[in-house]
Amino acid sequence: MDERVYKNQKMLRCGYTTGSCAAAAAHAAVLLLLTGHLPDTIHLRTPKGIVLALHPEDATATKEVASCCVRKDSGDDPDVTNGIAIYAQARLIEDGICILGGEGIGRVTRPGLSIPMGQAAINPGPQRQIREAVKAAKDMLRYPGGIEIIISAKDGARIATQTYNEHLGIVGGISILGTSGIVEPMSESALMETTHLELDSLYAQGQHSVLICPGNYGTDFARDHLKLDLTRSVKCSNFIGDALDYAVWKGFSHIFLVGHAGKLVKIAAGIMNTHSAVADGRQEIFTAHAALCGAPRETLQALMDSITIDACITELEKIGLRYSVLQRIGRAIDARLQNRVRRKAQIEYLMFTNQNGILAQSANAEKFCEEFRGIV
């Protein structure tokens, strides 16, 4: 795979998805079943239009069934499924193309995903890829009958424990994924898609209130200090704005954002993608609000020189402006969040650091805490 993308001042190598592996393995297995010969290379056109040259391996065949695998290459993406062997077993049936999930492929146990409950976690995009690959093999050999394909993944159950699958209600194995057939290193769209899937799943369970946390700091604080129910939560990474937009579009009526001040304070300046490579501004936000509260120049310079939020808090405490500055910043965060959801949902927030605890929260944040503790 020679396709490359430019990310973070580097040229990174792309890879291919488990969906592409399954499609190529299915194509090869059909050829093996119908001809007794396994080709060295399968040329697979992905939905993105890129043609892959993939190499099937570990082939077995009888008169009734044939099987082989294709190994996933995630390129320079840090993917836990990199190198996994995706198997396809082909069997002759009377007509049609039937795609099933075998060992190492998860089963959907909750509503709200794109796959019905009880079925194998092979997403619609990869199902189309597999179906087209099988049809291409049949057409090549002018075979008029049907084919059953069983997709499996070696060590899929073990590898799935390192993914979001259990949180989404997918048990027993990995999901076969990929809308484009190509893995782009450190793909922002893949991270956002995971958040969307979690929101879909919660909503399908009848939840109209959701707890959103940017990352592990937020979920840990929500669980350990606020005692909130994390079964009603999703992580959004740095993509706070996208998560809010999707939650509103989906129909959630109550949104509670809990996060570390290192990310949430940026919202006061309208920064909704909080990755430091996109925008920072933490010191500038504290400095601007401190200036409006009458802080002397020496404090403003110290704030600009501070490395962490807690260091900023220490400087404000020296001159007795901690409460005033945080109150101003808190109002700015609230205004930005209200503007983002456009009054289509009730949104509250709570911002903290591990050292200083709760720094700012919206007017009804405590009420939302009670709701997510299951008190009301």
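The values are calculated or read from the model by the stated rules, or taken from the named source; none is laboratory data. Here the structure is a predicted model, which means the values were calculated and not measured. For neighbour counting, all protein chains shown are included, and Cβ atoms are generated from backbone atoms with ideal geometry for every residue, glycine included. Ligands, DNA and RNA are stripped out before the accessible areas are found, and what is left, the full protein with its side chains, is counted by its heavy atoms. Shrake-Rupley method; radii C 1.70, N 1.55, O 1.52, S 1.80 Å.
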- Item | Breaking point among (1) under 21 Å from S175 (Cβ atoms); (2) within 20 Å of the chain's Cα centre (by Cα), for A29 | (2)
- Task: From V70, V108, grab the single residue that is within 18 Å of I130 (Cβ to Cβ), touching a strand residue (DSSP E or B) at 6+ places or on another chain (Cβ under 7 Å) and modelled with pLDDT under 95.
- Result: V108
- Item | Any pair with Cβ under 8 angstrom, 6 or more apart, that starts in segment 30-41 at a residue that is closer than 14 Å to M140 by Cα and ends at one that is outside any helix (DSSP H, G or I) and among the charged types (D, E, K, R) | L33/R91
- Query: Which ones in segment 290-348 are among the aromatic types (F, W, Y) and either in contact with an Asp or Glu (Cβ under 6 Å, 6 or more places away or on another chain) or in contact (Cβ under 8 Å) with a residue 12 or more places away in the chain (or both)?
  - Reply: none
- Query: Going through segment 25-51 one residue at a time, which ones are open to solvent by less than 10 Å² (accessible area, probe 1.4 Å) and touching a helix residue (DSSP H, G or I) at 6+ places or on another chain (Cβ under 7 Å)?
  - Reply: A26, V30, I42, T46
- Task: Looking at (1) in contact with a helix residue (DSSP H, G or I) (Cβ under 7 Å, 6 or more places away or on another chain); (2) touching a residue at least 60 places away in the same chain (Cβ under 8 Å), find the lone condition where S237 falls short.
- Result: (2)
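Counting residues that are open to solvent by 50 Å² or more (accessible area, probe 1.4 Å) and under 21 Å from A332 (Cβ atoms), which helices (runs of 4 or more DSSP H) fully inside segment 178-293 reach at least 3?
Details: elements: 188-204, 216-224, 240-250, 261-264, 282-292.
Passing ranges, in order: 282-292.
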- G262 fails exactly one of the following numbered conditions: (1) modelled with pLDDT under 95; (2) within 22 Å of L326 (Cα to Cα); (3) touching a Cys at 6+ places or on another chain (Cβ under 9 Å). What is the number of that condition? (3)
- Task: Could you list, in sequence order, all residues of segment 138-171 that are over 15 Å from L197 (Cβ atoms), charged (D, E, K, R), open to solvent by 30 Å² or more (accessible area, probe 1.4 Å) and free of Cβ contacts under 8 Å to residues at least 60 places away in the same chain?
- Result: D139, R142, R158
- Message: So, in segment 294-313, how many residues would count as being farther than 26 Å from G241 by Cβ, among the hydroxyl-bearing types (S, T, Y) and surrounded by fewer than 15 Cβ atoms within 10 Å (Cβ to Cβ)?
- Response: 0
- Query: Could you list, in sequence order, the residues of segment 355-372 that are open to solvent by 10 Å² or more (accessible area, probe 1.4 Å), touching a strand residue (DSSP E or B) at 6+ places or on another chain (Cβ under 8 Å) and not small (G, A, S)?
  - Reply: I358, L359, Q361, N364, K367, E371
- Message: Kindly evaluate E348 against the criterion of being under 18 Å from K227 (Cβ atoms) and open to solvent by less than 60 Å² (accessible area, probe 1.4 Å).
- Response: yes
